[in-house]
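The values are calculated or read from the model by the stated rules, or taken from the named source; none is laboratory data. Because the structure is predicted, anything quoted here is derived from the model rather than measured. Positions of Cβ are backbone-derived with ideal geometry, glycine not excepted, and every protein chain shown enters the neighbour counts. Accessible surface is based on the protein model in full, side chains and every heavy atom, while ligands, DNA and RNA are left aside. Shrake-Rupley method; radii C 1.70, N 1.55, O 1.52, S 1.80 Å.
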Amino acid sequence: MSKKKINDFDMNNWKNYEDIITDSLWIINKRDNSGTHKGDYHGNFIPQIPYQLINRYTKKGEWVLDAFLGSGTTLIECQKLGRNGIGIDIDKNILEVAKERATSEKGNSKLEFINGDSSKIKLEKYLSKYNIDKVNMIIYHPPYWDIIKFNNCEGNLANASTLEEFLKGFEKVINNTTKYLEDERYLGIVIGDIYKDSEWIPLSSHIIQLMLRKNFILKSVIVKNISETKGKQNQKAIWRYRALLGGFYVFNHEYILIFKKTKERKKKNVKGTN
Ligand SMILES: C[S@@+](CC[C@H](N)C(=O)[O-])C[C@H]1O[C@@H](n2cnc3c(N)ncnc32)[C@H](O)[C@@H]1O
């Protein structure tokens with residue numbers, strides 16, 4: 001079976017792509033602050049994450065969807081890398097910030113900013129504007145349950161009152177958005193575990209299980225360091241004290257989970273709950 005290309009890499013010159021990470025441990029100590037990236041939205045991710053994923057899993061001119069756009073990091077990277085992008089966020093104020101930043105970045109990409117709940121939004125009318133019915137990759141950077149509240153918008157996953165509610169809400173976003181992902185293409189989920197009521201809550205493991213139940217193929221679990229920020233420096237000593245006292249380790253990493261959507265798997269595993 002011939003494999004359709006999913007990026008622009010010239011594999012005859014594969015040694016040239018030194019900036020592309022292929023290890024599962026990402027130690028990135030300096031945020032990319034170039035162009036219109038600012039890093040001032042509490043809970044944003046570093047631009048290197050969408051940079052790596054977009055380069056690896058899309059070709060120039062293809063479409064990337066970010067279902068939790070926040071301050072627009074993914075669409076700024078789309079603009080820089082010549083990809084088209086659709087971003088959804090439930091909070092219209094942060095969406096305005098994202099729009100301002102991504103459209104002021106240099107580039108000619110087609111960019112669409114949608115205010116709404118990713119578990120409900122219907123994308124057909126936005127896609128048909130560009131004569132497409134599918135996107136070529138999806139990036140998800142949901143709230144890590146309730147550790148940052150973000151806003152009071154109804155449907156905001158950070159306001160889920162239980163873990164089950166958070167996971168159900170996330171599953172609805174997956175159900176509603178992966179139907180717009182082309183078959184045999186990739187999605188990346190950026191997620192951290194949390195520590196709550198003296199217990200480590202493995203959000204990443206719950207989400208891996210959820211995705212496997214839906215018959216997505218797990219391609220990689222990437223561990224990325226959480227580099228120091230000013231806010232964290234102030235809290236470092238108190239967390240070390242709590243860790244020593246409480247029998248746990250202080251978070252210094254988060255995960256990037258890479259999944260592939262495929263039809264093949266569904267045929268093999270008829271009992272799946274897709
Ligand atoms: C972790 S932040 C994303 C940050 C983003 N990657 C950036 O670099 O700025 C999560 C975002 O998800 C949004 N959000 C939460 N629940 C949502 C939902 N059901 N649909 C769409 N957006 C949602 C929040 O408003 C918040 O901006």
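Mean-square fluctuations from a GNM of the chain, with a 10 angstrom spring cutoff on Cα atoms, peak among ILE139, ILE189, ILE54 at ILE189.
Once fully extended, how much extra length lies between LYS196 and LYS5, figured as 0.36 nm per residue of separation less the alpha-carbon to alpha-carbon distance? Spell out each step's value before the answer.
Working: separation 191, 0.36 × 191 = 68.76 nm, distance 4.29 nm.
Value of the extension gain: 64.5 nm.
For the chain, the Cβ-based charge dipole about the Cα centre amounts to some 840 debye (Lys, Arg positive; Asp, Glu negative; other atoms uncharged).
I'd like the carbon and sulfur percentage of the solvent accessible area for the range 21-263, probe radius 1.4 Å, heavy atoms only, ligands and nucleic acids excluded.
Details: 5870 of 11780 Å².
Ligands and nucleic acids excluded, carbon and sulfur give 50 percent.
For the range 149-168 versus the range 209-229, the spacing of their alpha-carbon centroids is 20 Å.
Compute the accessible area per residue over the chain, keeping the other protein chains in place, probe 1.4 Å, unit Å². Show your work: numbers first, answer last.
Details: 14960 Å² over 274 residues.
Using a 1.4 Å probe on heavy atoms only, each residue of the chain averages 55 Å².
Once the Cβ-Cβ distance between LYS120 and ARG240 is put in as r, and R0 is 45 Å, what FRET efficiency do you end up with, to the nearest 0.05?
Working: r = 42 Å, r/R0 = 0.94.
About 0.60, to the nearest 0.05.
Where both residues lie in the range 21-263, what percent of DSSP beta bridges are antiparallel, nearest 5? It would help to have the intermediate numbers written out before the result.
Working: 17 of 36 bridges.
Of the beta bridges lying entirely in the range 21-263, close to 45 percent run antiparallel.
For the range 21-263, the relative contact order is 19 percent, taking Cα pairs closer than 8 Å that sit 6 or more residues apart in sequence and dividing their mean separation by the residue count. In terms of overall dimensions, the C-alpha atoms belonging to the chain reach 56, 47, 42 Å along their principal axes, ordered largest to smallest. Per-residue Karplus couplings for the range 189-194, computed as 6.51 cos²θ - 1.76 cosθ + 1.60 with θ equal to phi - 60°, are listed in order as 10, 9, 8, x, 7, 9 Hz, Gly and Pro entered as x. For the chain, modelled as a GNM whose springs connect Cα atoms under 10 angstrom apart, the maximal fluctuation among PHE216, PHE150, PHE251 occurs at PHE251.
For the peptides 234-244, 81-91, what is the packing order when you average, over each peptide's residues, the other Cβ atoms within 10 Å and list the highest mean first? Display every interim value, and only then the final one.
Working: 234-244: 11.4, 81-91: 23.2.
Ranked by mean Cβ neighbours within 10 Å, highest first: 81-91, 234-244.
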